[in-house]
Structure formats: structure tokens, C-alpha cells
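To start, the structure itself, in C-alpha cells.
Readers should treat all values here as calculations from the given coordinates under stated rules, not as data from a laboratory. Since the structure is predicted, the reported quantities are computational estimates derived from the model, not experimental observations. Quick reminder, even Gly has a Cβ in these numbers, built from the backbone with ideal geometry, and neighbours come from all protein chains shown.
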Amino acid sequence: MSAALAFDLLLIAALVWSAARALTVADLFRGVVLFIVFGLLMALAWARLGAPDIALAEAAIGAGLTGALLLDAVGHLRAKREPDT
């Protein structure tokens, strides 16, 4: 088995694992972090497929911008849940 094939199989396994964990984890913060990890792995997969423009868009929009917005939303949810002192 070549090193490229082994890397691609490992990448596929990591993509499936991170997607499944992002959907099934109970903590919202961990789910968002796993979503960001999935986006970065997906960007790597696009780069391996020879589509660097899509890989850059995925990294910037899918993992970067969307991840930051989701982290902000989780922060607002946690602030609403905490009782005022």
C-alpha cells in the first residue's frame, strides 16, 4: 500500500469520525470545535483532490467564519443560562 493511499484512508476515517462526533456530542462547545476540525479536514481533502480554490473557500468560510459565528452563539447561550449575580 502506498503512502498516499494510506494518508487518504486516514483522512477519510478522520472525516467520518469528526462528523459523527460533531453530531452526537452532548456539549455544544465541543460540537462546534469538532465542526471546525471537520471543516479543516474537508479543506485538506479538497486540496488532495486537486481543487485548491475550493479548499481555501472551505477553510475560510466553512471552518473559519462559520466556526467563529457558532462559537459566538455558544458564548451567548452560556451567558443567558448563567443566573444574574
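Descriptive notes on the structure:
- The range 50-66 residues that are touching a residue at least 24 places away in the same chain (Cβ under 8 Å), paired with ones that are part of a helix (DSSP H, G or I) (beta carbon under 7 Å, 6 or more apart): Ala63/Ile36; Ala63/Gly39; Ala63/Leu40; Ala63/Ala43
- Filter pass, Ala14 being in contact (Cβ under 8 Å) with a residue 24 or more places away in the chain and either touching a Leu at 6+ places or on another chain (Cβ under 9 Å) or part of a helix (DSSP H, G or I) (or both): yes
- Residue within the range 28-38 that is among the basic types (Lys, Arg) and within 25 Å of Arg78 (Cα to Cα) present: yes
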